[in-house]
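The values are calculated or read from the model by the stated rules, or taken from the named source; none is laboratory data. Here the structure is a predicted model, which means the values were calculated and not measured. Glycine also receives a Cβ, built like all others from the backbone with ideal geometry; neighbour counts cover every protein chain displayed. The area values use the complete protein model at the heavy-atom level, side chains included, leaving out ligands, DNA and RNA. Shrake-Rupley method; radii C 1.70, N 1.55, O 1.52, S 1.80 Å.
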Amino acid sequence: KVNLNWHAEDWHTLPAEEQLILLNAYIEKDRAQGFNFTQAPLMRWGLFKCDKNKHYLLWSYHHILSDGWSSPIILDELRSIYDSLANNKS
């Protein structure tokens, strides 16, 4: 059993320019962390609220977890789940 690393921030009160600066800084910091193969999990999530209807979702993972063929399938599934939840569908 593994607990996923989840980070969330609410930036909706900040100007759009500052939101992008913070997002880029977070991405650079996240990339610099890398992954330790001896310690699970090998992925991290970040969610950043920028407006009532605008969020950025950052999914960081080591390429050993998913190849170029699988990643689009996973993202399509995630979008499908999100759309269903956003539209009150099962």
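What the table shows:
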| item | result |
| --- | --- |
| All positions within the stretch 26-43 that are open to solvent by less than 60 Å² (accessible area, probe 1.4 Å), at pLDDT 95 or above and not aromatic (Phe, Trp, Tyr) | Ile27, Asp30 |
| Matching residues in the stretch 56-72 - criterion: being surrounded by 15 or more Cβ atoms within 10 Å (Cβ to Cβ) and closer than 12 Å to Ala8 by Cβ | Tyr56 |
| Pairs, first under 14 Å from Leu57 (Cβ atoms) in the stretch 72-90, second open to solvent by less than 100 Å² (accessible area, probe 1.4 Å), C-beta under 7 Å, six or more apart | Ile74/Ser66 |
| Glu17 vs. criteria of a type outside the set (Val, Ile, Thr), open to solvent by 80 Å² or more (accessible area, probe 1.4 Å) and farther than 25 Å from Ser71 by Cα | yes |
